[in-house]
Amino acid sequence: MLARINDNWGLFNPWRTVNDLQREFWNLFEDLGDSVNRYRPGYPRLTIDEDDKTVKVSVALPGYNKDQIDVEVLGDFLTVSAERLEPDLEEEERYLHRERSFGKFQESIKLPAQVQSAKSNAKYINGILEITLPKADSEKPRSIKVINS
């Protein structure tokens, strides 16, 4: 037996409104997805830029030493991890207010293109980690001449 939806409600259809609300609700969670950690306090902010020859990733890591930061490229994935240790307090010391975060983090991102990991480099200047990843030759645009046959 087939059921047919009666769409004689005119301008106001309560079922359409309910369906729209449900769709918006689920889209909210889809938008968060795997990147929900980025909204956690202390999680680093990053930007990814791309041109014809390179992919550049900048990660804000203020308060870290370069020895605390690890960068790894595997295929078309980049992983940045670091650890900031909590300073030791004397017995009579205590925090009155603390906003800095401590501990480990790891961020893995899929790069927009295949890169040459052997030619990649990373600089850490003034709290910003800048990673330059040259694109693999197969990813660079190539012009093909069209001929008559």
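Restricting the search to region 91-122, which residues are under 13 Å from V80 (Cα atoms), of a type in the set (K, R) and surrounded by 10 or more Cβ atoms within 10 Å (Cβ to Cβ)? Residue satisfying the conditions is K104 alone.
Does region 129-142 include one or more residues that are among the basic types (K, R) and either touching a residue at least 40 places away in the same chain (Cβ under 8 Å) or surrounded by 11 or more Cβ atoms within 10 Å (Cβ to Cβ) (or both)? Looking through region 129-142, at least one residue is among the basic types (K, R) and either touching a residue at least 40 places away in the same chain (Cβ under 8 Å) or surrounded by 11 or more Cβ atoms within 10 Å (Cβ to Cβ) (or both). A113 falls short on exactly one of the conditions (1) farther than 30 Å from R142 by Cα; (2) at pLDDT below 90; (3) in contact with a strand residue (DSSP E or B) (Cβ under 6 Å, 6 or more places away or on another chain), and that condition is (1).
Taking the criterion of being of a type in the set (A, V, I, L, M), closer than 18 Å to D49 by Cβ and either part of a helix (DSSP H, G or I) or in contact with a Pro (Cβ under 6 Å, 6 or more places away or on another chain) (or both), no residue of region 74-129 qualifies. Residues in region 58-110 that are of a type in the set (S, T, N, Q) and closer than 27 Å to S138 by Cβ were compared, and the one that is modelled with the lowest pLDDT is S108.
Per-residue answers, yes or no, for (1) assigned to a helix (DSSP H, G or I); (2) acidic (D, E); (3) modelled with pLDDT of 60 or more; (4) under 25 Å from I128 (Cβ atoms):
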position	(1), (2), (3), (4)
A3	no, no, no, no
N8	no, no, no, no
F29	yes, no, yes, no
R38	yes, no, no, yes
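Filtered by the rule that a residue be over 18 Å from G127 (Cα atoms), among the aliphatic types (A, V, I, L, M) and surrounded by 10 or more Cβ atoms within 10 Å (Cβ to Cβ), region 53-90 gives V55, V73, L78.
The values are calculated or read from the model by the stated rules, or taken from the named source; none is laboratory data. What you are looking at is a predicted structure, and each value in this text was computed from that prediction instead of being measured. When we count neighbours, we look across all protein chains shown, and the Cβ atoms used for this are built from the backbone with ideal geometry, even at glycine.
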